[in-house]
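Beneath this line is the structure, given in structure tokens, with notes to follow.
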Amino acid sequence: GVDLQVCTSKNPTCCTKNMEERYQTAAKQDIQQVLQTSSAALKFLISRNAAAFQETFEMLIRLAENYTSALFCNAYRNMAAEATVHVQEFFTDVGLFLFGTDTTTEEFVNRFFDFLFPVVYNHVINPGPTDISLEYAECLRAARRDIRPFGNVPKKAVGQMGRSLLPSRTFLQALNLGIEVINTTDQLHFSRDCSRALLRMQYCPHCQGLTLSKPCMGYCLNIIRGCLADIAEVDLHWRGYIQSLEELSGALSGAHGIEHVLLNFHSLVHDALVQARINGPELSEQVIKICGPPVRKSQQSPGCSFDQNKDNRGLKMFSRDSEQTLTTRRKEFISHLRLYRAFYGGLADQLCGNELAAADGLPCWNGEDIIRSYTHRVVGSGIKAQSANPEVKVKGTDPVISQIIDKLKHVIQV
């Protein structure tokens, strides 16, 4: 092995250049494996909860949609078929917003009441033998915000939806970012210098027949802190991320909680319909001023077709303790997540302590030989500390890690 690049030694060696290259690949794979194993529980915690919260929100939306459609079927049967179409569209918008589409609560709440107005006019304010024409309905939709047939209810709904949906949307986005952070740090790209240091630490002793030796603790820390210097930079922002999630979680329950707001939306709609009925005569006059007298079609629309029993039973069970369940689930999740606050700061120590290094007091490998204890200086974590690292040269931050740090900063601000 005269042409060895890294595992050179004064003693006889049983490695060839080809073996050294294969050991090099193995050293990188080993550390990748160790990294992924150490983050597996954290990743599972976040991804399992992200899926559970998303599923719960989907159930809540379906339940709230059923409540609202049932309101029309029970109390306003003649317009239920038309109204439930708009109810479905509205709750589809709620879902799209929650799961990240670029829209605003104000937009889709107002759209719902705009579309509801012609239906209410047709059946409650000014019912006739047949329905109003499509053009007339269009005029009513456009005039709804000036006429204000539902009083203050749409404005109230915009406020409630914004206050409850935005934090829940942010919560879901933050959980998905957490998974992305772990996936990114799990797939860290190691520099040439780091790869060689890992090879020297893990497999060079094999070339001297020392297959059972383990690296000294200080030696291991220097190499792993050098190789994970970029990841250590994530630490501060990861702590901030967990703290922000904790604060956000606290703001998600109570009267502004998504459960409360969604499951009571039907009563807001009920209030809106009552307003329109009470103010019917005045509203009729205003409508005639803006849109002229009603223009009608030749036939009547069908009545209620909503099947209330279809999946209400399962949902009812869910709704009774949904608020309790969601709040408890969030609290449990945050208390488990809190245990991982220092995950990135202590990663190198965890890897050397649990997996890689020899226990204190035992003979260990220092990169050249088996010795009693490591004598070089042991550096701290993070990029700055690495300038004094005797084992690994560390150049600036990895752009992929810088990018994930920027994303963490952004979500903390949000």
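Computed quantities for the displayed model
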{"item": "Residue ID - most open to solvent (accessible area, probe 1.4 Å), chosen from residues in the stretch 361-398 that are within 15 Å of M201 (Cα to Cα), among the acidic types (D, E) and touching a residue at least 24 places away in the same chain (Cβ under 8 Å)", "result": "E368"}
{"item": "Within the stretch 205-214, tally of residues that are in contact (Cβ under 8 Å) with a residue 12 or more places away in the chain and open to solvent by 10 Å² or more (accessible area, probe 1.4 Å)", "result": "6"}
{"item": "Test: N78 is at pLDDT below 95, touching an Asp or Glu at 6+ places or on another chain (Cβ under 8 Å) and farther than 30 Å from E355 by Cβ", "result": "no"}
{"item": "Yes/no for N122 being over 17 Å from S267 (Cα atoms), surrounded by 22 or more Cβ atoms within 10 Å (Cβ to Cβ) and in contact (Cβ under 8 Å) with a residue 40 or more places away in the chain", "result": "yes"}
{"item": "Any pair with Cβ under 6 angstrom, 6 or more apart, that starts in the stretch 95-111 at a residue that is in a loop (DSSP other than H, G, I, E, B) and ends at one that is open to solvent by 40 Å² or more (accessible area, probe 1.4 Å) and of a type in the set (A, V, I, L, M, F, W, C)", "result": "none"}
{"item": "Close pairs from the stretch 264-291: first within 30 Å of R62 (Cβ to Cβ), partner surrounded by fewer than 17 Cβ atoms within 10 Å (Cβ to Cβ), Cβ under 7 Å, at least 6 apart", "result": "L268/K156; Q275/G151"}
{"item": "Hey, E233 open to solvent by 10 Å² or more (accessible area, probe 1.4 Å) and free of Cβ contacts under 8 Å to residues at least 12 places away in the same chain or not", "result": "no"}
{"item": "Unmet requirement for T170, which otherwise passes all of (1) farther than 30 Å from N18 by Cα; (2) open to solvent by 10 Å² or more (accessible area, probe 1.4 Å); (3) assigned to a loop (DSSP other than H, G, I, E, B)", "result": "(3)"}
{"item": "Qualifying residue in the stretch 39-56 (condition: touching a residue at least 12 places away in the same chain (Cβ under 8 Å) and more than 18 Å from the chain's Cα centre (by Cα))", "result": "no"}
{"item": "Subset of the stretch 327-344 (residues that are charged (D, E, K, R) and either part of a helix (DSSP H, G or I) or open to solvent by less than 10 Å² (accessible area, probe 1.4 Å) (or both))", "result": "R329, R330, K331, E332, R338"}
{"item": "Yes/no for D146 being assigned to a helix (DSSP H, G or I), open to solvent by 70 Å² or more (accessible area, probe 1.4 Å), closer than 22 Å to V295 by Cβ and not polar (S, T, N, Q)", "result": "yes"}
{"item": "Some residue of the stretch 16-36 being under 23 Å from the mean Cα position of the chain (by Cα) and in a helix (DSSP H, G or I)", "result": "yes"}
{"item": "Pairs, first touching a residue at least 12 places away in the same chain (Cβ under 8 Å) in the stretch 132-147, second polar (S, T, N, Q), C-beta under 8 Å, six or more apart", "result": "I132/N122; A137/N122; R145/N110; I147/Q286"}
{"item": "Helices (runs of 4 or more DSSP H) contained entirely in the stretch 225-299, each with at least 1 residues that are of a type in the set (K, R) and closer than 24 Å to R169 by Cα", "result": "235-250"}
{"item": "Options L198, L177, L252; residue that is under 16 Å from the mean Cα position of the chain (by Cα) and open to solvent by less than 10 Å² (accessible area, probe 1.4 Å)", "result": "L252"}
{"item": "Pairs, first within 15 Å of P205 (Cβ to Cβ) in the stretch 16-36, second of a type in the set (A, V, I, L, M, F, W, C) and surrounded by 15 or more Cβ atoms within 10 Å (Cβ to Cβ), C-beta under 7 Å, six or more apart", "result": "E20/L4; E20/V6; E20/C7; Y23/L199; Q24/L199; A27/L198; A27/L199"}
{"item": "Of residues in the stretch 247-285 being among the hydroxyl-bearing types (S, T, Y) and within 22 Å of E55 (Cβ to Cβ), the one modelled with the lowest pLDDT", "result": "S253"}
{"item": "Scan of the stretch 149-159 for residues that are touching a helix residue (DSSP H, G or I) at 6+ places or on another chain (Cβ under 8 Å) and either buried (at least 20 other Cβ atoms within 10 Å of the Cβ) or free of Cβ contacts under 8 Å to residues at least 12 places away in the same chain (or both), ordered by number", "result": "P149, F150, V153, P154, A157"}
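The values are calculated or read from the model by the stated rules, or taken from the named source; none is laboratory data. Predicted, not measured: the structure shown is a model, and the values here were computed from it. Positions of Cβ are generated from backbone atoms using ideal geometry, with glycine treated the same way; all protein chains shown enter the neighbour counts. We work out accessible area using only protein heavy atoms, side chains counted, and drop any ligands, DNA or RNA first. Shrake-Rupley method; radii C 1.70, N 1.55, O 1.52, S 1.80 Å.
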